[in-house]
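Trainee: Below: one structure in structure tokens.
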Amino acid sequence: MISYPPEPFRIKTVEKIRLLSRSEREAAIKEAGYNIFNLSSRDVYIDLLTDSGTGAMSDQQWAALMQGDEAYAGAQSFYRLKEVIDQIFGFKYFVPTHQGRAAENILSALLVRPGSSIPNNTHFDTTQANVLARGGNPVNLAIPEAGDPQSSHPFKGNMDVEKLEKFIQETGTENIPFGMITITNNAIGGQPVSMQNLHQVSEIYRKSRIPFFIDACRYAENAFFVRERDPAFSDKSLLDITREVFSLADGATMSAKKDAIVNIGGFLTMNDETLFQNAKNELILREGFPTYGGLAGRDLDAIAVGLREGLDEKYLAYRVGQTAYFGHRLQELGIPIVKPPGGHAIYVDAGAMLSHIPADSFPGQSLVIELYLEGAVRAVELGSVAFGRTDPDTGEKILPALELVRLAVPRRVYTQAHIDYVVETLARINERKESIRGYRMIYAPKLLRHFTARFDPIR
Ligand code: P61
């Protein structure tokens with residue numbers, strides 16, 4: 001039994017939550033078309049839909065908001081953020097964006113052409129969609145262990161470097177405008193990438209002259225895992241580890257809604273001056289002037305403070321410890337999860353738990369709906385609903401290897417009692433799992449379909 005880490009903070013502001021009755025929950029989820037994205041947040045008791053933008057800001061961040069400089073051009077908030085980004089990331093240039101996908105959009109708009117291929121360990125859905133939207137081909141080259149929920153490989157987020165080399169040779173560097181790696185690897189369980197793997201990937205991209213961009217949303221959690229799991233880094237500071245990581249790349253896309261613990265914000269950072277010029281022009285067209293991006297000056301100040309807090313050792317020990325406690329409690333109950341627990345979330349292997357429901361009847365979606373019905377807990381499906389798609393050329397259905405349900409833990413928000421409540425909710429579902437049925441998708445848009453899809457229960 002692993003213990004729950006004491007929080008390295010105390011609570012100054014609280015927010016009321018309410019638990020609807022079972023019959024109210026049944027009505028709410030039906031009204032939502034059995035899609036938790038359509039629920040009103042007041043109808044959710046414990047919201048584990050995402051760790052993105054849902055963290056609790058600190059007193060220091062709230063104080064920083066008051067100092068926001070709202071000047072259209074040359075705002076002081078921009079320079080304060082620049083100082084922190086320079087220190088942590090170390091690239092020559094950056095543009096603020098309203099969130100991570102806006103940074104991905106700029107990069108894709110500037111570099112992806114129809115027929116381009118973009119390799120990654122595993123693209124998250126917004127990166128995948130931004131590449132697809134420009135006619136590109138997002139390619140996932142994670143190590144084989146990434147597809148095995150039982151494997152407790154310490155760096156399960158790694159890229160398969162042999163596959164990457166082969167892929168580059170076969171595709172031709174002229175068809176690969178940039179390559180990526182996502183730290184931590186969200187789509188396969190919030191699993192870290194090792195420093196050694198990052199060095200190897202960087203070397204491969206560099207020798208092929210392919211610009212290397214890191215999807216950096218959870219870089220601080222990744223740095224913490226590197227220090228915990230790789231003895232070569234056990235006495236290095238998290239800042240030193242982080243700087244080494246980014247020194248290997250040509251740029252990064254960042255959603256500040258994760259490890260910078262803010263409710264909104266992101267940025268695109270790079271070394272290439274021409275790319276920076278073009279990014280500024282693209283930014284001006286769609287986001288805003290380059291010293292504020294799609295944000296208010298005060299948001300930039302909150303990010304600047306949050307980036308430092310997100311890299312704090314005591315905070316990260318608590319953060320990763322809380323997620324580990326959550327995962328171990330579920331494992332004790334025999335609930336199949338992706339092992340080992342990742343940094344920001346627990347991923348239940350719904351395909352294994354509800355093995356009687358076939359992938360095209362969406363076992364992950366069934367579990368998500370049961371979590372709501374049983375305890376008003378909101379989780380998200382990361383399986384055939386989120387990642388399934390139809391090949392535009394062959395009409396073939398492409399389904400992901402795993403049917404996962406993610407329980408993401410917002411930063412500094414929920415207590416041990418809340419986590420225990422979710423564990424107990426899942427335990428009750430697990431006891432009657434054979435009676436759970438699948439769902440039929442009755443509406444889906446072409447891209448990012450899980451946000452607006454609607455379902456009907458299969459009777
Ligand atoms: C999340 F249900 N993630 O994990 P933006 N890269 C990576 C991410 O994890 C990520 C982004 C880029 C979210 C929010 C989310 O279908 C969903 O600031 C590794 O959200 O634009 C975001 O950053 C994009 C939840 C995104 C979803 C898409 O919960």
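Trainee: Going through the range 263-278 one residue at a time, which ones are among the hydrophobic types (A, V, I, L, M, F, W, C) and within 17 Å of Asp215 (Cβ to Cβ)? Spell out the reasoning first.
Mentor: Initially, the range 263-278 is screened for residues among the hydrophobic types (A, V, I, L, M, F, W, C), giving 264, 267-268, 270, 275-276.
Once the filter is applied, which keeps residues that are among the hydrophobic types (A, V, I, L, M, F, W, C) and within 17 Å of Asp215 (Cβ to Cβ), the range 263-278 yields Phe267, Leu268, Met270, Leu275.
Trainee: From Ser116, Ser77, Ser108, grab the single residue that is more than 18 Å from Thr269 (Cβ to Cβ) and more than 17 Å from the chain's Cα centre (by Cα). If you could, list the steps in order and put the result at the bottom.
Mentor: Values: Ser77 fails: more than 18 Å from Thr269 (Cβ to Cβ); Ser108 fails: more than 18 Å from Thr269 (Cβ to Cβ).
From the options Ser116, Ser77, Ser108, the qualifying one is Ser116.
Trainee: Tally the residues that are touching a Ser or Thr at 6+ places or on another chain (Cβ under 7 Å) and away from the ligand (no atom under 12 Å from the Cβ), restricting the search to the range 167-219.
Mentor: 11
Trainee: Continuing with this model, one more query. Going residue by residue through the range 251-267, is there one that turns out to be on the phi < 0 side of the Ramachandran plot and away from the ligand (no atom under 16 Å from the Cβ)?
Mentor: Checked the range 251-267: no residue is on the phi < 0 side of the Ramachandran plot and away from the ligand (no atom under 16 Å from the Cβ).
Trainee: Which residues, counting only those in the range 29-50, are touching a helix residue (DSSP H, G or I) at 6+ places or on another chain (Cβ under 9 Å) and open to solvent by less than 20 Å² (accessible area, probe 1.4 Å)? Walk me through it before giving the result.
Mentor: Initially, the range 29-50 is screened for residues touching a helix residue (DSSP H, G or I) at 6+ places or on another chain (Cβ under 9 Å), giving 29, 31-32, 34-40, 43-49.
Passing the criteria: Ile29, Ala32, Asn35, Ile36, Leu39, Val44, Ile46, Leu48.
Trainee: Return the total of residues in the range 72-84 being assigned to a helix (DSSP H, G or I) and either among the aromatic types (Phe, Trp, Tyr) or open to solvent by 40 Å² or more (accessible area, probe 1.4 Å) (or both). Break it down stepwise before answering.
Mentor: Start the filter on the range 72-84 by keeping residues that are assigned to a helix (DSSP H, G or I), which leaves 76-84.
Next cut, either among the aromatic types (Phe, Trp, Tyr) or open to solvent by 40 Å² or more (accessible area, probe 1.4 Å) (or both) only: 76, 78-80, 82-83.
Going through the range 72-84 one residue at a time, the tally reaches 6.
Trainee: When you look at Ala408, is it touching a residue at least 40 places away in the same chain (Cβ under 8 Å) and open to solvent by less than 30 Å² (accessible area, probe 1.4 Å), yes or no? Lay out the reasoning, then the answer.
Mentor: Values: touching a residue at least 40 places away in the same chain (Cβ under 8 Å): yes; open to solvent by less than 30 Å² (accessible area, probe 1.4 Å): yes.
Taking the combined requirement at face value, the residue satisfies it.
Trainee: In addition: Got a number for residues in the range 20-34 being in contact (Cβ under 8 Å) with a residue 60 or more places away in the chain, part of a loop (DSSP other than H, G, I, E, B) and more than 27 Å from the chain's Cα centre (by Cα)?
Mentor: 1
Trainee: State which residue is nearest to Gly375 (Cα to Cα) when the search covers only the range 35-50 and only residues that are part of a helix (DSSP H, G or I) and within 11 Å of the ligand (Cβ to nearest atom).
Mentor: Filtering the range 35-50 down to residues part of a helix (DSSP H, G or I) leaves 36-38, 41-43.
Of the ones still in play, those that are also within 11 Å of the ligand (Cβ to nearest atom) are 36-37.
Values: Ile36: 13, Phe37: 17 Å.
Applying the filter and picking the extreme gives Ile36.
Trainee: Within the range 337-392, which residues are within 16 Å of the ligand (Cβ to nearest atom), assigned to a strand (DSSP E or B) and either among the aromatic types (Phe, Trp, Tyr) or under 27 Å from Leu19 (Cα atoms) (or both)?
Mentor: So in the range 337-392, the residues within 16 Å of the ligand (Cβ to nearest atom) come out as 338, 341-348, 350, 362, 364-365, 367-369, 371-372, 377-389.
Next cut, assigned to a strand (DSSP E or B) only: 345-348, 377-378, 380-382, 389.
Ala345, Ile346, Tyr347, Val348, Val377, Arg378, Val380, Glu381, Leu382 - these are the residues of the range 337-392 that are within 16 Å of the ligand (Cβ to nearest atom), assigned to a strand (DSSP E or B) and either among the aromatic types (Phe, Trp, Tyr) or under 27 Å from Leu19 (Cα atoms) (or both).
Trainee: So which of Ala296, Ala249 is out of contact with any helix residue (DSSP H, G or I) (no Cβ under 8 Å at 6 or more places or on another chain), open to solvent by less than 40 Å² (accessible area, probe 1.4 Å) and touching a residue at least 40 places away in the same chain (Cβ under 8 Å)? Don't jump to the end; show me each part of the working.
Mentor: Details: Ala249 fails: out of contact with any helix residue (DSSP H, G or I) (no Cβ under 8 Å at 6 or more places or on another chain).
The conditions single out Ala296.
Trainee: Determine whether the range 402-417 contains at least one residue that is hydroxyl-bearing (Ser, Thr, Tyr) and assigned to a helix (DSSP H, G or I). Quick ask: steps written out before the conclusion?
Mentor: Residues of the range 402-417 hydroxyl-bearing (Ser, Thr, Tyr): 414-415.
Of the ones still in play, those that are also assigned to a helix (DSSP H, G or I) are none.
Scanning the range 402-417, I find no residue that is hydroxyl-bearing (Ser, Thr, Tyr) and assigned to a helix (DSSP H, G or I), so the answer is no.
Trainee: Please go through (1) part of a helix (DSSP H, G or I); (2) surrounded by fewer than 24 Cβ atoms within 10 Å (Cβ to Cβ) for Asn263 and return the number of the only condition it doesn't satisfy.
Mentor: It is condition (1) that Asn263 fails.
Trainee: Okay, moving on. Consider Leu399 against the criteria (1) in contact (Cβ under 8 Å) with a residue 40 or more places away in the chain; (2) in contact with a strand residue (DSSP E or B) (Cβ under 7 Å, 6 or more places away or on another chain): it satisfies all of them except one. Which criterion is unmet?
Mentor: (2)
Trainee: Is it the case that some residue within the range 10-32 is within 16 Å of the ligand (Cβ to nearest atom), hydroxyl-bearing (Ser, Thr, Tyr) and within 21 Å of Ile261 (Cα to Cα)? Please lay out each step first, then the result.
Mentor: Taking the range 10-32 and keeping what is within 16 Å of the ligand (Cβ to nearest atom), we get 32.
If we keep only those that are hydroxyl-bearing (Ser, Thr, Tyr) as well, we get none.
Checked the range 10-32: no residue is within 16 Å of the ligand (Cβ to nearest atom), hydroxyl-bearing (Ser, Thr, Tyr) and within 21 Å of Ile261 (Cα to Cα).
Trainee: Somewhere in the range 51-71, is a residue within 25 Å of Tyr219 (Cβ to Cβ), touching a helix residue (DSSP H, G or I) at 6+ places or on another chain (Cβ under 8 Å), within 13 Å of the ligand (Cβ to nearest atom) and assigned to a helix (DSSP H, G or I)?
Mentor: no
Trainee: What pairs come out if I take residues in the range 50-76 that are over 17 Å from His98 (Cα atoms) and at pLDDT 95 or above and pair them with residues that are more than 16 Å from the ligand (Cβ to nearest atom) and of a type in the set (A, V, I, L, M) whose C-beta lies under 6 Å away, six or more apart or interchain?
Mentor: Close Cβ pairs satisfying both conditions: Gln60/Val305; Gln61/Val305; Ala64/Val305.
Trainee: Residues to consider are Phe213, Phe167; find the one that is under 30 Å from Gly55 (Cβ atoms), among the aromatic types (Phe, Trp, Tyr) and modelled with pLDDT of 95 or more.
Mentor: Numbers: Phe167 fails: under 30 Å from Gly55 (Cβ atoms).
The match here is Phe213.
Trainee: Scanning for something in a loop (DSSP other than H, G, I, E, B) and under 18 Å from Ala345 (Cβ atoms), does the range 180-187 turn up at least one residue?
Mentor: Going residue by residue through the range 180-187, those that are in a loop (DSSP other than H, G, I, E, B) are 183-184.
Applying the additional criterion that residues be under 18 Å from Ala345 (Cβ atoms) yields 183-184.
Yes: the range 180-187 contains one or more residues that are in a loop (DSSP other than H, G, I, E, B) and under 18 Å from Ala345 (Cβ atoms).
Trainee: Also, quick follow-up: Write out, first by first residue and then by second, each pair whose Cβ atoms fall under 7 Å of each other, whose residues are 6+ apart or on separate chains, and whose first residue, in the range 213-226, is in contact (Cβ under 8 Å) with a residue 40 or more places away in the chain and farther than 15 Å from Asn197 by Cα while the second is more than 13 Å from the ligand (Cβ to nearest atom) and outside any helix (DSSP H, G or I).
Mentor: Ala220/Leu311
Trainee: Which residue out of Ile419, Ile429 is surrounded by 13 or more Cβ atoms within 10 Å (Cβ to Cβ) and under 24 Å from the mean Cα position of the chain (by Cα)? Walk me through it before giving the result.
Mentor: On the way: Ile429 fails: under 24 Å from the mean Cα position of the chain (by Cα).
None of the others qualify; the one that does is Ile419.
Trainee: Can you tell me which residue in the range 145-163 is most open to solvent (accessible area, probe 1.4 Å), limited to those that are of a type in the set (A, V, I, L, M, F, W, C) and over 20 Å from Glu228 (Cβ atoms)? Working first, answer last.
Mentor: Let us first name the residues in the range 145-163 that are of a type in the set (A, V, I, L, M, F, W, C), namely 146, 155, 159, 161.
Still in the running and over 20 Å from Glu228 (Cβ atoms): 159, 161.
Working: Met159: 2, Val161: 36 Å².
Among residues in the range 145-163 that are of a type in the set (A, V, I, L, M, F, W, C) and over 20 Å from Glu228 (Cβ atoms), the one most open to solvent (accessible area, probe 1.4 Å) is Val161.
The values are calculated or read from the model by the stated rules, or taken from the named source; none is laboratory data. The structure displayed is predicted, hence computed values, not measured ones. All Cβ positions, glycine included, derive from the backbone under ideal geometry; neighbour counts span all protein chains shown. Heads up: the accessible areas ignore ligands, DNA and RNA and are worked out on the full protein's heavy atoms, side chains in. Shrake-Rupley method; radii C 1.70, N 1.55, O 1.52, S 1.80 Å.
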